[in-house]
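Below: one structure, written as structure tokens.
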Amino acid sequence: RAKENGKNQYHFYESKLSEEVVRRYVLERELRTALEEDQLEVYYQPQLNIDGTALVGVEALVRWPHPERGVLPPAEFLPVAMSSGLAYPLFKVVFLQVCRFMTLMDKQGVMIPKVAINIAGIELITNGCCQLIIDSLKSFGIDPHRIEFEVTETLLMHSLDDLSDVLERLRQEGLQISIDDFGTGYSSLSRLRELPIDMLKIDKTFVQGIARESSDEAIVKAIISMANSLQLKVIAEGIETRGQLDFLRGEGCELIQGFLYGEPMKGERLAEHIADARYELKSNK
Ligand code: C2E
Ligand code: MG
Ligand code: MG
Ligand code: MG
């Protein structure tokens, strides 16, 4: 009887495993098609000054309106994209959509000061990626200063020389680089000083600990003062409450992003949102 159970269990695991393999395979195939057919959609989340009166930029956040499963967040498909050679195709789709969007908004007279695009790193060391970026900006007529790349702390700490070279080159072209989810990795002050970066983004887990965890508050304070001493800009992400906002203002944080002022939204909606909120459009260079 024990033997029989063991056998059943074995079959159980085996079928679980193959289910997972099949699920991944299907997802990868669907994603490939979605990329080829440009079905992914970039949403935009406002980045504001601390008073919430001026829009300094927006963050581009990709979504996948899946034909059967609704709008999928990045967590549902980025891991597959990154591990199946789709990092660069995904980047290209997002980047070109952003370029088209900025051009369209400019034509409508809504000059978004800056768009921040997330990058995982691998896509940038693909041959030709750097050139694609530079050439596209030129042909769309977009000032490179209006594009920022968000990379993670962990990536920068372990990054290959290749990646640092690409970031350095892009920065020379005028693009800005920020460190996303700052505080969740390990970076030394000396390393930070050497990196070609413009801004730190305080990770939302610390912001959400404000008024709840004194250690989170201490980390937020430390990051702000670190940024100030290194003459880097600093933005807090994930702001949902007035209390969090007041704390950040008290600590001298000048830039914010979070549901309190706006969730990621479709491009069409962003123009309305800017008009409704009567934001001043202000470059924060
Ligand atoms: P991230 O870059 O740290 O982006 C911030 C995430 O926090 C977004 O989740 C955003 O919707 C969410 N968020 C913003 N404000 C608030 C808030 O007030 N409260 C809470 N609870 N959440 C807030 P999302 O859109 O699901 O993206 C998750 C991650 O996926 C991003 O984290 C980024 O690392 C990655 N990602 C998104 N788009 C792209 C892309 O085009 N390319 C790459 N390589 N990665 C991307
Ligand atoms: Mg980001
Ligand atoms: Mg982040
Ligand atoms: Mg993140």
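A quick yes/no check of all residues on (1) at pLDDT below 95; (2) buried (at least 17 other Cβ atoms within 10 Å of the Cβ); (3) under 21 Å from Lys204 (Cα atoms):
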site	(1), (2), (3)
Lys138	no, no, no
His145	no, no, no
Leu167	yes, yes, no
Gln172	no, no, no
Phe182	yes, yes, yes
Practice task
Scan segment 147-155 and give yes if some residue there is in contact with a Lys or Arg (Cβ under 8 Å, 6 or more places away or on another chain), modelled with pLDDT under 95, surrounded by 15 or more Cβ atoms within 10 Å (Cβ to Cβ) and of a type outside the set (Val, Ile, Thr), otherwise no.
Solution key: no
Fill in the blank from the handout: Pairing a residue in segment 179-200 that is touching a residue at least 60 places away in the same chain (Cβ under 8 Å) with any residue that is surrounded by 15 or more Cβ atoms within 10 Å (Cβ to Cβ), where Cβ atoms lie under 7 Å and the two sit 6 or more apart in sequence or on different chains, gives Asp180/Asn118; Asp180/Glu150; Asp180/Val151; Asp180/Thr152; Asp180/Lys201
Exercise for the section: Hey, could you check segment 112-127 for residues that are free of Cβ contacts under 8 Å to residues at least 40 places away in the same chain and more than 16 Å from ligand 3 (Cβ to nearest atom) and say which is surrounded by the most Cβ atoms within 10 Å (Cβ to Cβ)? Expected result: Glu123
Exercise for the section: Could you grab the pairs with beta carbons closer than 9 Å, sequence gap of 6+ or different chains, first residue in segment 55-77 and closer than 14 Å to Leu27 by Cα and acidic (Asp, Glu), second one more than 16 Å from ligand 4 (Cβ to nearest atom) and not in a strand (DSSP E or B)? Expected result: Glu76/Leu27; Glu76/Arg69
Fill in the blank from the handout: Okay, strands (runs of 3 or more DSSP E) sitting entirely in segment 8-88 with 3 or more residues that are of a type in the set (Val, Ile, Thr), I get 54-66
Exercise for the section: Output the residues belonging to segment 115-127 that are within 15 Å of ligand 1 (Cβ to nearest atom) and not small (Gly, Ala, Ser). Expected result: Val115, Ile117, Asn118, Ile119, Ile122, Glu123, Leu124, Ile125, Thr126
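Let's see how each residue does on (1) closer than 17 Å to Cys130 by Cβ; (2) within 16 Å of ligand 3 (Cβ to nearest atom); (3) touching a strand residue (DSSP E or B) at 6+ places or on another chain (Cβ under 8 Å); (4) hydrophobic (A, V, I, L, M, F, W, C):
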{"residue": "Thr154", "(1), (2), (3), (4)": "no, yes, no, no"}
{"residue": "His158", "(1), (2), (3), (4)": "no, no, no, no"}
{"residue": "Asp161", "(1), (2), (3), (4)": "yes, no, no, no"}
{"residue": "Ser164", "(1), (2), (3), (4)": "yes, no, no, no"}
{"residue": "Leu167", "(1), (2), (3), (4)": "yes, no, yes, yes"}
{"residue": "Asp180", "(1), (2), (3), (4)": "no, yes, yes, no"}
{"residue": "Gly185", "(1), (2), (3), (4)": "no, yes, yes, no"}
{"residue": "Ser190", "(1), (2), (3), (4)": "no, no, no, no"}
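The values are calculated or read from the model by the stated rules, or taken from the named source; none is laboratory data. For clarity, every value in this text was computed on a predicted model and none was experimentally measured. No Cβ is skipped: glycine too gets one built from the backbone with ideal geometry, and neighbour counts run over all protein chains shown.
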